[in-house]
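What follows draws every value from the coordinates through simple rules; no lab data is involved. Keep in mind that what you see is a predicted model, and the values were worked out from it rather than measured. So basically every Cβ, Gly included, is an ideal-geometry build from the backbone, and we count neighbours across all protein chains shown.
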Amino acid sequence: MPELPEVETIRRELERDVIGKRIKQTTVHGTRTVRRQTKKQFISRLEGAKITGVDRKGKYLLLQLDTGDVVIIHLRMSGQLLRLPNKEPAIKHTHVVVTFTQGGQLRFVDPRTFGEVFVVSGENLAEEAPELATLGVDPVEEPISWTDFARLMMANPMKLKAFLMDQNLIAGIGNIYSDEILFAAGLRYDRMTDTLSSQEIRRLYRALVETLHEAIKYGGSTLADEGYVDLNGRPGEFQEHHKVYARDRQPCRRCRRNQVTKAKFQGRSTYFCAVCQV
DNA sequence: CGATCTACCTGATGGC
DNA sequence: TGCCATCAGGTAGATC
């Protein structure tokens, strides 16, 4: 579900809310969410530790602990992190509950159980979490120059949507934001990276950075099923600013005449305006 | 090599 | 009302 703007929204809330908090107790339910290590190993490395920092790389959240360990969280399609009082009854699909000594809990809720939580040693992060080591540049956390962006495109000839969504090239963009970025850039999802003029590359880069920052400003996108909510259970507002995503058969917000087209690309729904995007 | 599928899951929705 | 098919923010791995 969540892409970079949603994960960044949660990261900022966590940074305000859980840094300096010490973990009193951790409980794990089921076998799917904590699957890389035993529950016992996971729990023993969390209990007693204090959270000293909250980082994000692409769609991954990293909780830094004062023990040198790092808790890595990926929400995948339906994961949620919720800050709740201890007494609040557990809702369905609550898989991990962290209770702080200062009171209050951090809960990981995930109906589809694609999401994952695991703990690694900060020193051996690259070996213990290889998927993090191969992630590409995070366009919000570590902005690159548009000339480096151009080089990255030229070195990887592929369709634009595949390029934007390849986590090992650029980390954090998924199905919603790739479509919104391409609309903002006026480019079709199936154009090849190595066919763009330098003006088009600059337009794409600018659209990428601006779309992600705007989305963060509005707290991310919450679709009809309310799959994404922030740490306090509140939905985002960027969906109100979507230009194409899930707007098929509705008039394009730019040209106001053509209907937004829905297509399939790599098995995913893809939305674009055939007039405004070339 | 890329493109295309499948698997991993639950739940919402729409057609009949 | 039920039943079945389809679809959903992601990613890894198999297969063609």
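Give me a count of the residues in region A:225-278 that are within 15 Å of DNA strand C (Cβ to nearest atom) and in contact (Cβ under 8 Å) with a residue 24 or more places away in the chain.
22
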Going through region A:50-80 in order, the residues found to be assigned to a strand (DSSP E or B), within 16 Å of DNA strand C (Cβ to nearest atom) and of a type outside the set (A, V, I, L, M, F, W, C) are A:55, A:56, A:57, A:60, A:74, A:80
Of the residues in region A:243-265, those that are within 16 Å of DNA strand B (Cβ to nearest atom) and over 19 Å from the mean Cα position of the chain (by Cα) come to A:247, A:248, A:249, A:250, A:262, A:263, A:264, A:265
Considering A:207, A:162, A:129, which residue is within 26 Å of residue A:1 (Cβ to Cβ) and within 14 Å of DNA strand B (Cβ to nearest atom)? A:162
Take region A:111-160 and flag every residue that is small (Gly, Ala, Ser), over 22 Å from residue A:12 (Cβ atoms), in a helix (DSSP H, G or I) and touching a residue at least 24 places away in the same chain (Cβ under 8 Å). A:150
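Looking only at region A:167-204, how many residues end up being within 16 Å of DNA strand C (Cβ to nearest atom) and under 25 Å from residue A:247 (Cβ atoms)?
Selection size over region A:167-204: 14.
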Exactly one condition in (1) over 17 Å from the mean Cα position of the chain (by Cα); (2) surrounded by 15 or more Cβ atoms within 10 Å (Cβ to Cβ); (3) closer than 30 Å to residue A:82 by Cβ; (4) not aliphatic (A, V, I, L, M) is false for residue A:240; which is it? (2)
